[in-house]
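Each reported figure results from applying straightforward, stated rules to the coordinates on display, with no laboratory input. None of these values were measured; they are calculated from a predicted model. Ideal geometry is used to build each Cβ from the backbone, glycine not excepted, and the neighbour counts take in all protein chains shown.
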Amino acid sequence: MTEIIRLLSRFITGNRVWKSVFRAESPVTERGQSESIFHNVWLHIYPVKVRKDALRFTYTFCLGGVSFLLFLLLIITGVPLMFYYVPSVEQAYGSMKDLEFVVSYGLLLRNMHRWAAHAMVITVFLHMARVFYTGSYKSPREFNWVVGVFLLALTLGLSFTGYLLPWDQLAFWAITVGTSIASYVPWLGPSFKYVLIGGNEVGQGALLRFYVLHTVVLPLAAVLMMAAHFWRIRKDGGISKPL
Amino acid sequence: MPKEVEGEYEVFPDNPHKTYGLMAVVKGKSPVVDKSPEDTVMTWPHLLIRELVASVVVMAVLLAISLVLNAPLEEHANLTETPNPAKAPWYFLGLQELVHYSALIGGVIIPGLSLFLLAALPYLDRTPDRAPSKRKLLTVVFTVFIIVNVVLIVIGSYFRGPGWSFIVPWRGGSVQ
Ligand code: HEM
């Protein structure tokens, strides 16, 4: 069996085309395996070798990685949703109905985006708990914890801004309640709320602002923070040792 | 290609692809802290295969859930028809619950302070011990923090009815 796999991978990876794409020798030798990582722009954030105990599922439960995967899936499902969605109070709700009844797989797309978003809030929270209980925020990883707290805030912000977009009763009143909490902050609160929703009440101004925050500003900020997060993991010597 | 003889390994093979030269061999620790060659494995395939498998599992679960469970969509937004109670998204229901007790203390001071303490945690806890058993107080505080969060969210989600009154969902209370 292993011999078949070996032959197969040689066939797929041992030719000129593979080499020209990946700039790497066939990854059947350790040299090829190293090159596959560090000659690849997407993979070179990984070290070529990792500690064996870092692979243990019951140490990380893959929670950080799953959070990242969910984020990628949210982008992948979010872009086609943007093709159909119009951020205007007249048309937003209609876009939701179109997705449900007109667009092929539109409802599935929306479902996946919605459930992935909820799941991401949960996995990020659990990831934080894992990092706490394993004491992985200690030197030299203090600052990566702080980056993580920003990521948690961004995750909640992304979820919250997306919540308004369907423009149904659930969305409208949840955001009305949520943003009114912001106005309780003394002195700054009311103006913060005014700027956030572009007026005194949730309306067209709020919908457009939330749309721009949800589809441009916050995802971009999250990507930048994640880049910093992963870079720091690498620089801090990989993930912490299991206890 | 390094030629592998049983039990023997040519460390610096004469290789035409080599783009570096060996300047000197010095004694010292490997630059990768706490790692020795013996307890490491190649990222490809060992780590990446695992991540691939985990990704496929997560995607399959997400797809399955999305096939059977539809995202909620209520009536068109209506400014004149306030639902009672109007609820924030579930992850902010703990906050809404606190606001119900006190707008300033519950809505601003407690969450603000918690967030600040959370971000400052690595700078406040300066002991080098990582095991929870060696930092019992902090572990208890953090666990209480998590439990309180979850309990408040559950109360906000299921036990709050019209006018934010306390309801019992299995006795005819409506669930958001
Ligand atoms: C969008 C959110 C986040 C993503 C995508 C993310 C991703 C990751 C990944 C992939 C890892 C590698 C180890 C693992 O999977 O557990 C990691 C480690 C880490 N994360 Fe996050 N993370 C996020 C949020 C957070 C939060 C909220 C915190 C803490 C407040 C945090 C703190 C850390 C720390 C300190 C490490 C190093 C852990 C160690 O060395 O054992 N991250 N993160």
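Size of the dipole of the protein assembly as shown about the Cα centre, Lys and Arg at +1 and Asp and Glu at -1 on the beta carbon, nothing else charged, in debye to 20?
1020
Before rounding to the nearest 500, sum -39500 (n - 2.57) across all DSSP H runs of length at least 4 in the protein assembly as shown and divide by the residue total; then give [θ] at 222 nm in deg cm²/dmol.
Result for the protein assembly as shown: -18000 deg cm²/dmol, rounded to the nearest 500.
May I ask you to order B:55-64, A:131-140 by the average number of other C-beta atoms within 10 Å around their residues, highest value first?
Output ranking for B:55-64, A:131-140: A:131-140, B:55-64.
Given A:24, A:150, A:175, which one lies farthest toward the positive end of the charge dipole of chain A, if we put +1 on the Cβ of every Lys and Arg and -1 on the Cβ of every Asp and Glu?
A:24
In whole Å and largest first, what semi-axes does the C-alpha gyration tensor of the protein assembly as shown yield when each eigenvalue is scaled by 5 and square-rooted?
Over the Cα atoms of the protein assembly as shown, the ellipsoid semi-axes are 47, 28, 19 Å.
With each pseudo-label sitting 7 Å past Cα toward Cβ, what's the residue A:15-residue A:41 distance in nm, one decimal?
For the pair residue A:15/residue A:41, the computed spacing is 2.5 nm.
Would you grab the residues whose amide H sits under 5 Å from the one on residue A:168? Only those 5+ places off in sequence or on another chain, please, with H modelled 1.01 Å from N.
Amide H neighbours of residue A:168, under 5 Å, 5+ apart: B:77.
Of the peptides A:166-177, A:63-74, B:65-76, how do they stack up when ordered by the mean number of other Cβ atoms within 10 Å, highest first?
So the order, starting with the most tightly packed, is A:166-177, A:63-74, B:65-76.
So what's the gap between the Cα centers of segment B:141-160 and segment A:34-49, to the nearest angstrom?
Between the Cα centres of segment B:141-160 and segment A:34-49 lies a distance of 42 Å.
Compute from the Cα atoms of chain A the Rg and the Dmax, the latter being the longest Cα-Cα distance, and quote both in angstrom.
Here Rg and the maximum Cα pair distance are 22.3, 71 Å.
Can you tell me the dipole magnitude for segment A:1-103 around its Cα centre, using point charges on the Cβ only (Lys, Arg +1; Asp, Glu -1), in Debye to the nearest 20?
640
Counting other Cβ atoms within 10 Å, keep those with at most 15, restrict to DSSP loop, and tell me which trypsin sites (Lys or Arg not before Pro) in segment B:120-153 are left.
B:126
Roughly how tilted is helix A:142-164, in degrees to the nearest 10 and between 0 and 90, from the longest Cα axis of chain A?
So the helix axis and the longest Cα principal axis differ by about 50 degrees.
Per-residue mean of other chain beta-carbon atoms within 10 angstrom of the beta-carbon, peptide B:50-63?
Partner-chain Cβ atoms within 10 Å, mean over residues of B:50-63: 4.
Residue farthest toward the positive end of the dipole of the protein assembly as shown, with Cβ of Lys/Arg at +1 and Asp/Glu at -1: which of A:12, A:121, A:139?
Farthest along the dipole direction, towards plus: A:139.
Under the Karplus relation 6.51 cos²θ - 1.76 cosθ + 1.60, θ = phi - 60°, what is the ordered set of whole-Hz ³J(HN,Hα) values for segment A:27-36, x standing for Gly and Pro?
x, 9, 10, 4, 5, x, 5, 5, 4, 4
Could you tell me the relative contact order of segment A:53-235? Use alpha-carbon pairs under 8 Å, at least six residues apart, and round to a whole percent.
23
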